[in-house]
Every structure is written in structure tokens, then in C-alpha cells.
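Only the coordinates and a few stated rules stand behind these numbers; no lab work does. These numbers were taken from a predicted model, which means no experiment stands behind them.
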Amino acid sequence: AAPGIDLIVGGHSHTAMRAAEEVGSTWIVQAGEYARNVGVALAPIEPDSDWGWERVDLRETQGPASAEVSELVATWGQKVEARFEEPVGVVETDLIRAEKGQTRMGRWASDLVRHTAAVDVGVYNRGGLRADLVAGEISLLDLYRVFPFGNEVVSFEWTGRQLEAVVERGLTDEMSADPAVLQWSGIRYHWVVTEGSPHLTELWIGDERVDPERVYTIGTNVFVGWQWESLLGVPPRGELVSHGLTVFEAAEAAARAGPLRAPVDKRSLLQTSP
């Protein structure tokens, strides 16, 4: 890269970038997703010169595959189909992400990590949920589209005061029309908006108010634990504890154990007055 200029290259994304973007002194480029594209970035020698960037769509430029490659693709395609097209369960109600605040998919996913880790509170990042589940029979591939990562289920500890801080920090997301960045399980929180700013008024776990001094256990996926600074704002207390399986594996076990359904309990309650 040119002197004083950083370069960030991204791979997996819902939508591939069509051009490079400059943020401050950092250029961001992306190759797209699912190995469909190759990104080519040409760094200038002079700091004030323009970058060259191109995204090549391999589906449009590739020639015919060799017999060896075709045979390899066919062999592994059959293995993948046999594994992932297998029906694993039923979804009773649609689990969708495009909802305001705490979504049906988000509540279910945060329930999933809470129950898997057997902890007090579950939290999931909306960006880690990559597809919806439509009511009806589902396959392993359907679940994989929701959880296409190898993220393990992990847990850690927070005091009640730390949990309150993270919940209140996320209330700004609840005011927009988009899903909240953090999706919660095991808690119920009341909040108000005063002078345009949201404020937490009550936080409950089950039938008890959260004690600021008490230590609670929190379940999530390992990505959230690693990226606590940007997603949570408050570090985990001590080390992350692995529970020996990925979120995808936990979802498969849940689907095989019984029908999946959207949680109906209210977790985020906006009050009109304190």
C-alpha cells in the first residue's frame, strides 16, 4: 500500500461492493461472497494517486471446466446434497429478521444459545443471522443458510451493572425501524425516551429485578465474545467458556428435538412515561 494508507479487504457479505470506498485514509475493497468473485486492487506508488480496483465475476469469465474438475464437483455435490438436503424438523411459525427491534429470528437465536449454554441470559448479533426460516419442513441446508459460520456457543459472566450498561447502550437501536444489533433472551427491559434519548428504567431476569452487584451468566456465539468492544461495549469477565458445539449444531439438535416456533414473550417494552 502507499505510505500512510491502509487497505481492508473483505470477503463475505450480503451484497458485493461495486467499487472501492475511501474512509479517511483507509481504502475498503471486497471480493464478494461464496467464491463467486475475485477482487483486484492496484495500489498507487504516489500517496495522492488514485487506486485501481476491479471486481471480476467468475461466473461470467470462467471457461468450461476440465473433466477432472467436473468429476470432483459432481462427487462432492452428491455428498453435500445427501448431508444437507436431509429433512431435520419443522418450523411452526416464520422466523424472520426484517422486523423492528427484537425480531422473531433474533429472539429464537438468542433463546437457542441461552438454552444450549444453560445460562441466565442469551444475546445474539443480528449480523450473524443470514437467512429466515419459513414455516414448514426444513432441511439442514435451511439451517446452514441461517448459521453459515463455525461459531461456537460460548458463555461468560457479567455483573448486573454491566448487563444494565450493555442493554441501555443498545436502546438507540430500538428506536429505529431496523432490527436491533443485539437480540436478547432471558431478560425483559422497560425503557423511556426523554428529550430524544432512550433510558433504561427496569431490567428483569425472569421474575426478579436485576441486582447490580450479582454475577450473571451470559450465552452467545464466539464472534460476539471476540468482538465485544464494537458489539457489546463491555468486556466479558474472565475467559470465554466453550460449550463444545457450534451454533449450527445447536440449531440442528433443536430442530430434531421438536418443532421450532417464534417466541411470543415481550422482551423490550417502551413506556410512555417513567
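In vacuo Debye scattering of the chain, one point per C-alpha: log10 I(q)/I(0) at q = 0.10, 0.12, 0.14, 0.17 Å⁻¹? These q points yield log10 I(q)/I(0) values of -0.67, -0.90, -1.09, -1.30.
Using the alpha-carbon centroid of each, what span in Å lies between region 133-205 and region 41-103? So the separation of the two Cα centres works out to 28 Å. Under conditions of 37 °C and 0.692 mPa s, region 133-274 yields 194 µm² s⁻¹ as its translational diffusion coefficient, taking Rh as the Kirkwood radius over Cα pairs in the Stokes-Einstein equation.
Put simply, the convex hull of the Cα atoms in region 203-274 casts, on average, a shadow of 7.7 nm².
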